Amino acid sequence: MAPSPTPRADLSSLVASKERFYFALSVAVGIAVYALVGWLLWNSAEARPIIIMYGLLGILASLAMHGFLLGHIRGNGVRVSARQFSNLNAVVAEHSRIFEMEPPDVFVLQSGGMLNAFATRFLGRNFVVLYSDVLAMAEKTGGEAAVSFVVGHELAHHKRGHLKWRWLVLPARIVPFLGSAYSRACEYTCDRFGAVLAQEGAVSGLLALAAGRDLYQQVEPRLFANQVESEAGFWTTVSEIFASHPHLTKRVGALLQAGHAVPSYSPIAAGVMPTRVSTPSARVRI
């Protein structure tokens, strides 16, 4: 799995407008909440010990949970290096160079068949974890680009500071739906960043999350994206409102709208399916 020779990219134009909006709103809420807590600490002798106690408990609980998670990952996962999964290590290094950032610590972890990856941060150190079934996609024809996209997507979370500034936007979770809306906007941004690094694998990487690593090449992406219209309904909308990630149909549609090519293995691209397929509609808004 060799890294693609992508030049340094202008990334600022790729940030979803809603991410900027929801981040600014979340920061405003966060500052207001922290200012209120500070005012209570300064002016209320009765509230001071309660705030300090619950604040310390919250910090300790967060540190413990993240510590246990990272302990599990580092104790059971395979650390990626120049001698361990060297091809993946080269992709991470090249993507990090393009993003002009230090490469994070990357681990491959067995997941019992789950297809996922995530970025996390603990005590100032950045981590990316790929479940083993994601990496296994690189063994299939065209799968290398899909894995490259997934890696680029997770690195983008670190590049954009989504984890670094989590403490600042955390109080915004008290506002119904604001935290999840910001999270979904961040996912659109990271899809765009990942697509710049691995244009051939952008759509494939998302289709693999929908259909699995063994079947994703049988999925026609435009038909899948058009499900935004055909499967629209009350519960579909509600399920996304509460979710941290946009529906995959919308994410694929957003990439197709941005001009990313239909993969060559697509039944329609290969001329196997004569069905007329429309471009995903403007209902996919980012």
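The values are calculated or read from the model by the stated rules, or taken from the named source; none is laboratory data. Because the structure is a prediction, the values reported are computed rather than measured. Heads up, the Cβs are rebuilt from the backbone with ideal geometry, glycines too, and the neighbour counts pull from every protein chain shown.
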Task: Qualifying residue in the stretch 195-206 (condition: in a helix (DSSP H, G or I) and of a type in the set (Val, Ile, Thr)) - done: yes
TODO: Tell me the helices (runs of 4 or more DSSP H) entirely within the stretch 1-120 that contain at least 3 residues that are without any contact (Cβ under 8 Å) to a residue 60 or more places away in the chain and of a type in the set (A, V, I, L, M).
DONE: 17-43, 47-76
Open item on the list: Looking only at the stretch 47-93, filter to residues that are more than 26 Å from the chain's Cα centre (by Cα) and among the basic types (Lys, Arg); which one of those is nearest to residue 156 (Cα to Cα)?
Closed with: 83
Task: All positions within the stretch 215-267 that are part of a loop (DSSP other than H, G, I, E, B), within 21 Å of residue 181 (Cα to Cα), in contact with a helix residue (DSSP H, G or I) (Cβ under 7 Å, 6 or more places away or on another chain) and not hydrophobic (A, V, I, L, M, F, W, C) - done: 244, 245, 246, 247
Open item on the list: Only one of 179, 112 is over 17 Å from the mean Cα position of the chain (by Cα) and either surrounded by fewer than 21 Cβ atoms within 10 Å (Cβ to Cβ) or aromatic (Phe, Trp, Tyr) (or both). Can you tell me which?
Closed with: 112
Task: Tally of residues being within 24 Å of residue 68 (Cα to Cα), at pLDDT 95 or above and not acidic (Asp, Glu) across the stretch 132-155 - done: 2
